[in-house]
Amino acid sequence: TNEELLYQAMVLQKNSEEVERNLNFVNEQIQELEQFSENLNFLESEENKDILAALGKGVFAKAKLEEKKLFVSVGAGVVVRKTQEEAREIVYEQIKKFNDARIQLTAQLGTYASHFGEMIKEIERLRE
């Protein structure tokens, strides 16, 4: 019936909006990781550089980069030392995972759009 199709369309729209929010989040994460990768390239060019070190909440301190090893948070409050190349590999793997997620989310949106198109055809058929 029309009521059932209308309800299904509303559920589909809600699900589509959620997938779109997730897709936006994934795209933002990819963009941040790509920017971070560029920053790593900047650090690699030479040592003893003056940099702005983020302290959090938009506050920075001027600092001197004295060595090329970085301190990388690996979760649960644990920080380990990594070379810039190791950090770049971590970033590359994260970008790869987010790209995979983006592909899945985009496919899901396509599926929802296809179902929505079928619902519209069914509604038009029921009106005849």
* Those residues that are among the β-branched types (V, I, T) and farther than 13 Å from T106 by Cα, I need them from region 10-40; list them, please. => V11, I30
* Structure fact -> Checked region 2-34 for anything exposed (fewer than 11 other Cβ atoms within 10 Å of the Cβ) and in contact (Cβ under 8 Å) with a residue 12 or more places away in the chain; matches are N2
* Asked: Given the structure, is Q94 touching a residue at least 24 places away in the same chain (Cβ under 8 Å), closer than 25 Å to N22 by Cβ and among the polar types (S, T, N, Q)?
  -> yes
* **Complete set of residues in region 107-126 that are in contact with a helix residue (DSSP H, G or I) (Cβ under 7 Å, 6 or more places away or on another chain) and of a type in the set (S, T, N, Q)** => Q108
* Yes/no for F98 being open to solvent by 90 Å² or more (accessible area, probe 1.4 Å) and either touching a Gly at 6+ places or on another chain (Cβ under 8 Å) or not β-branched (V, I, T) (or both) -> no
* **Options S37, S45; residue that is over 30 Å from Y112 (Cβ atoms), polar (S, T, N, Q) and exposed (fewer than 12 other Cβ atoms within 10 Å of the Cβ)** => S45
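The values are calculated or read from the model by the stated rules, or taken from the named source; none is laboratory data. The structure displayed is predicted, hence computed values, not measured ones. Neighbour counts are summed over all protein chains in view; Cβ atoms, including those assigned to glycine, are modelled from backbone coordinates with ideal geometry. Each accessible area value is taken on the protein alone, full model and side chains, heavy atoms only, with ligands, DNA and RNA left out. Shrake-Rupley method; radii C 1.70, N 1.55, O 1.52, S 1.80 Å.
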